[in-house]
Structure formats: structure tokens, C-alpha cells
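One structure is given below, encoded as C-alpha cells.
Nothing in this text is a laboratory measurement; each read-out follows from the coordinates by a stated rule. Computed from a predicted structure; not experimentally measured. With ideal geometry, Cβ positions are generated from the backbone for all residues, glycine too; neighbour counts draw on all protein chains shown.
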Amino acid sequence: MRWDAPSFQLFELLDSLEDVMVWIKDREGRYCWVNHTFLVNYAAENPGGSLEESRQAVLHKTDYDLAPAYLADQFRLDDEHVLAGNRILNRIEMVGPTAESVGWHITSKIPFCDADGKIIGTAGMTRRLDPSDQKSVPVSGFGAVLAYLRDHYQEVITNQQLARLANMSLRAYERRFYSSFHLTPQQYLRRLRLRIASRMLMNADQFLPLADVALACGFADQSHFTREFKRHFGWTPRDYRLHYGTKSAAAVPGTKTAAFIQ
């Protein structure tokens, strides 16, 4: 991709964001630009070199070069969804380069278009959230809701509860939530639970039984968890853990295309 002068000025501004990772990828998932915080997060900053030298070391790489295969596959699913013209807006999720090093973030990803409006890649940003401060969730009218989902995703949560938190009627809440996130409240909650479960399955320091993962992530039972997990990722939780837990899988990108179902 080629950048004009205004783009370079904008990139300089994005480099100054200390708590926000920003990136642009081409249609093949290769990084075309990343900001300074991205380099720090992925330990790609070269202390002895310039910022541009550090950035050049990451450009043209893909998520399969920077992250475990199970995360890279998830990122690629997001990319394919966005390349089809969709948006992922204000998604709260656990973000980190490994299963053991994560923190709560809020993430958005949109199509990246050329001057003619043709989608030529994806652009995204993710910001770390202060776990103790619901005001750090920067979505007008939904800070309390997203903070509650973040802290109580393992519990039964109804739209009526969330509407009260947002100080809205149920109908207004459901309509405004969908307009803001392109997902219904329960779709958003289900995706949050599934992504957390995918990380728990890969946490070698706490290799929990599948039934325990299901309950810890808010599913009614292991059967319900297995059904929803396979519907979203294309794998059963057991097969997902076996596949991505092998050394061979870690080196092979996209070994199974999962379904991206919202």
C-alpha cells in the first residue's frame, strides 16, 4: 500500500497513543503499518534502533509470524469478516500475545479502502481497559453495560438487566445496542464467552476439564458449550485444544477454516 502526505501525518499522531495498538493489513493479512504501542506489545521494538527500523521488521509479516496459531486463526477470521464489508465495533475481549499474558481491551476493526472506495485491506485498533473503571469503556451510553459484561460474563445475564444499567427501555436498549455494535446484546455476550473460552482451553498453566471451562464461561453445561463453540469456531472444544496444543499446528496457519457466525 502507498500512503499520501496526510496519511503520514496521521500515523505520527497514532504513534503517540501510549495505550492503543493500531494497525493496517492488506487483503492477505500482511501488516502494512503498525504504531509504536503495537511494537511494544509484541516486543518488536529494537532498543538500539529507530522506530522506523523496528516497524520495518514487522511489516509484511502476518499474525502467524507474531502470535500462536490459535490466535492467528481467530484474527484471520476477523479479517475475512471485515474484508466482506462488515465492521467489528467496540468488542471487549482478552488481548495478549500469549494465553498467559492477557488483559482486557476494547477492539474495533473496519475495512480499509482506497480512494475509489474499494476494500484493499483492514484497519484496527485495540485499547487496554482499566479493570476497575467502567468509565474507561469509551462507548457512549454503554460504559456500565460493557463493564458489567466484562465482570459478570460467567453469570446468567438478561437484556432486561442490561437495559436497566443503560437507563433505557428494553426496546430502546436493544435497538441502540445493535446500532452501536452490529450485534444483538446476546450475540455480543455469546461471542465474548466463546473467545474467553478459547483462551482458557489453551492455558497450559490451568488445564481445566471442558465441563469446568463451560461453567466458568457462562454456558449452561458442557453440551451447550460444545454446540456453541463448534458453531462459531468449526471445532469442538476438545478438538480445538488437541489441534492447537500440538507443535505441528503452531507452525501451520489456517489448518481449518472456522465459521464466523455472529
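Tabulated results
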quantity: Chain lengthening between Asp65 and Arg30 when straightened (0.36 nm per residue, less Cα-Cα); calculated: 11.6 nm
quantity: Cα-centred dipole magnitude for the stretch 62-250, charges only on beta-carbon of K, R (+1) and D, E (-1), debye, nearest 20; calculated: 540 debye
quantity: Segment His182-Val40, extension gain: residue separation times 0.36 nm, minus the distance between their alpha carbons; calculated: 48.0 nm
quantity: Longest to shortest principal axis, alpha-carbon extents of the stretch 62-250, angstrom; calculated: 49, 47, 29
quantity: Full-stretch length increase - Thr236, Arg171 - with 0.36 nm per residue and alpha-carbon distance subtracted; calculated: 19.9 nm
quantity: C-alpha center-to-center spacing [the stretch 57-78, the stretch 172-239] in angstrom; calculated: 21 Å
